[in-house]
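Novice: Below is one structure. I have some questions about it.
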Amino acid sequence: MSLTGTPFLYTTIVLAVVALILPLVLWSRVRGPKPLRTSVRLLMLLFAQGTAVTLIFVLVNNQNNLYDNWADLLGTGNHVQQAQDLGSDGTGGIAVKRLPKVRQTFTAADGPGMRAAGGVRVTQLRGRVSGVNAEVYVWLPPQYDEPAYRNKKFPVVELLPGYPGSAKAWFGAMKAHEQLLPLMRSGQVAPFILVAPRTNLLAGVDTGCANIPGQVNADTWLSIDVPKMVMDNFRAQPAPQGWAVAGYSAGAHCAVKLAVAHPDRYRAAVSLSGYNDPIGERNSLASQTPVLRSENNPYLLLKKAAVPPRIALYISGESGDGYQAGVALQAIAKAPTTVHVVFLPRSAGGHNMALWRPQVDTVFRWLTLQMGQNHARGQDRSLTGTTGALTGDAAGTTGTGTTGTTPRTPLTGGSTRAALASGTASRAGAAQKR
């Protein structure tokens, strides 16, 4: 029985109701010696508590898409078949563009929200370069199958969840495709192909979207194997101009890191409540050693870049949760790199879906403009300080010097100047947030 399926949810509801009724009906009817009666009554209470906790977990998991299946929950899943040293570019010397096309088999995805807005499809992808074998979810825009667009290639956005987090989260809890469907139909947002690959590749740890020989090649999985599959099977625009990556929490860190590290593969990145230093997620493999932390810190990668990359970054967050990380990147960005930072007040929410879900509208309007999809009537609402249903001051400085409204008082979240400079302030004390 699927962890996120409707049958399991209904089963837990029925069990919780039965567990509540049993003590009411049988408490005074239990017969036998006193030790036996006491034991039976204690078991009924434990059963009631256990089913109640289980039901709450299932509801929370379905709402936030934390664990996709039993293997993820129990920590028994492993999607890495091999993890060779692929070198600095993550290709292992393989001429990726010369690899033959592989046609994938797609089926309708199951789970909350997966059948909405035309439906999400899923395939099991065996990464030829990364050695990862995992599922990838794809949603096609409404224009994709229209006759007028039969020769058109579409821009692509890779969507990354937090940790722990399901690849379905952007379609389930975030409802991205449901929000974007009417905007794409009306021309307010470009018709993007949405791609959500699995990021939980090893049991009990966050890969940090890093390549770590002998453990995992998560960077290559996301930036080479998944895009190659999409290009082979759909009418997708080529990289980098036609590709962007977006994420929240740990996925936000990955999104910015991938764009900064691979400007030849991505044109833009969106970070919702992210961080720069991998130690922001205490279970991240990328925080194991100082070398790995340095190699996977987008602040340091951008600072050390010999030539500023031609990328656009959108970073939103509250003080102490994403905002300072964006300010740090903003401070070192040089043209043609642009960094747009949006400050969200504490009243907007917390580190959860309630904060991120309303921003989908805004960030996709921004992506429409940044990726040159001028035929869509996109408007960058973040310039006015509005993010979807959220309203707050915006800090919109770009690498070219255009400045929007900044908060009236400095917002350091108790962080030191050193922390702000290194881009680690958004996770002061390495406190875990997902």
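Novice: How much solvent-accessible surface does S347 expose, in Å² to the nearest 10, with a 1.4 Å probe and all protein chains in place?
Specialist: 110 Å²
Novice: Taking the Cα atoms of the stretch 204-270, report the difference between the largest and smallest coordinate on each principal axis, in whole Å and largest first.
Specialist: Principal extents (Cα only, largest first): 36, 23, 18 Å.
Novice: Under 1.5 on a/c is rounded, so check that first for the stretch 299-342, then, if it is not, pick prolate when a/b is larger than b/c and oblate when it is not; a ≥ b ≥ c are the square roots of the alpha carbon gyration tensor eigenvalues.
Specialist: Cα axes put the stretch 299-342 in the prolate bin.
Novice: Next question, about the same structure. If you count only protein heavy atoms and use a 1.4 Å probe, how large is the accessible surface of T54, to the nearest 10 Å²?
Specialist: About 60 Å², rounded to the nearest 10.
Novice: Starting with the highest mean, order 320-326, 239-245 by the number of other Cβ atoms within 10 Å, averaged over the residues of each peptide. Don't skip to the answer; put the middle values down first.
Specialist: On the way: 320-326: 27.7, 239-245: 22.3.
Packing order, densest peptide first, comes out as 320-326, 239-245.
Novice: While we're on this one: Can you give the FRET efficiency for K334 and T6, using 1/(1 + (r/R0)^6), R0 = 56 Å, r = Cβ-Cβ distance, to the nearest 0.05?
Specialist: After rounding, the FRET efficiency stands at 0.60.
Novice: Send over the semi-axes of the stretch 321-369's equivalent ellipsoid, whole angstrom and largest first, taken as the square roots of 5 times the C-alpha gyration tensor eigenvalues.
Specialist: For the stretch 321-369, the semi-axes come out at 22, 16, 7 Å.
Novice: About its Cα centre, what dipole magnitude does the stretch 30-171 give when the only charges are +1 on Lys and Arg Cβ and -1 on Asp and Glu Cβ, stated in debye to the nearest 20?
Specialist: 400 debye
Novice: How would D361, D85 line up by accessible area, probe 1.4 Å, largest first?
Specialist: Numbers: D361 25, D85 115 Å².
Correct descending sequence by accessible area is D85, D361.
Novice: Under a cut-off of 17 Å between alpha-carbon atoms, report the aspartates and glutamates in cross-link reach of K175, not counting same-chain residues fewer than 8 places apart.
Specialist: Answer for K175, where 17 Å is the Cα cut-off: D68, D110, E158, D361, listed by chain and number.
Novice: Next question, about the same structure. Normalising by the residue count of the stretch 29-131, find the relative contact order in percent from Cα pairs under 8 Å and 6+ residues apart.
Specialist: 20 percent
Novice: Average the reciprocal distances over every distinct pair of alpha-carbons in the stretch 76-218, invert the result, and give the Kirkwood radius in Å.
Specialist: 16.7 Å
Novice: Leaving out ligands, DNA and RNA, what percent of the accessible area of the stretch 146-289 is carbon and sulfur, probe 1.4 Å?
Specialist: Within the stretch 146-289, the accessible surface is 51 percent carbon and sulfur.
Novice: Between A116 and D232, what is the label-point separation in nm under the 7 Å Cα-to-beta-carbon projection?
Specialist: The modelled label-to-label distance comes out at 3.2 nm.
Novice: Right, next: What value in Å³ per residue do you get for the convex hull of the alpha-carbon atoms in the stretch 182-323?
Specialist: 135 Å³
Novice: Using all C-alpha to C-alpha distances in the stretch 273-330, build P(r) with 10 Å bins and read off the rounded percent in each one.
Specialist: Bin by bin from 0 Å, the calculated values are 23, 49, 28, 1.
Novice: Could you work out the relative contact order of the stretch 201-320? I mean the mean sequence separation of Cα pairs under 8 Å and 6+ apart, divided by the number of residues, in percent.
Specialist: 25 percent
Novice: On to the next question. Can you give me the solvent accessible area of L300 with a 1.4 Å probe, rounded to the nearest 10 Å²?
Specialist: 50 Å²
Novice: Another question about this same structure. According to a simple spin-label model (label point 7 Å from Cα along Cα-to-Cβ), what is the distance in nm between L43 and N151?
Specialist: Modelled inter-label distance: 7.4 nm.
Novice: What is the log10 of I(q)/I(0) for the stretch 114-176, computed with the Debye formula using one identical point scatterer on each Cα and no solvent, at q = 0.17, 0.20, 0.22, 0.25 Å⁻¹?
Specialist: Results for the stretch 114-176 at q = 0.17, 0.20, 0.22, 0.25 Å⁻¹ read -0.75, -0.95, -1.06, -1.18.
The values are calculated or read from the model by the stated rules, or taken from the named source; none is laboratory data. Here the structure is a predicted model, which means the values were calculated and not measured. Neighbour counts are summed over all protein chains in view; Cβ atoms, including those assigned to glycine, are modelled from backbone coordinates with ideal geometry. These area figures cover heavy atoms from the full protein model, side chains too; ligands, DNA and RNA do not enter into them. Shrake-Rupley method; radii C 1.70, N 1.55, O 1.52, S 1.80 Å.
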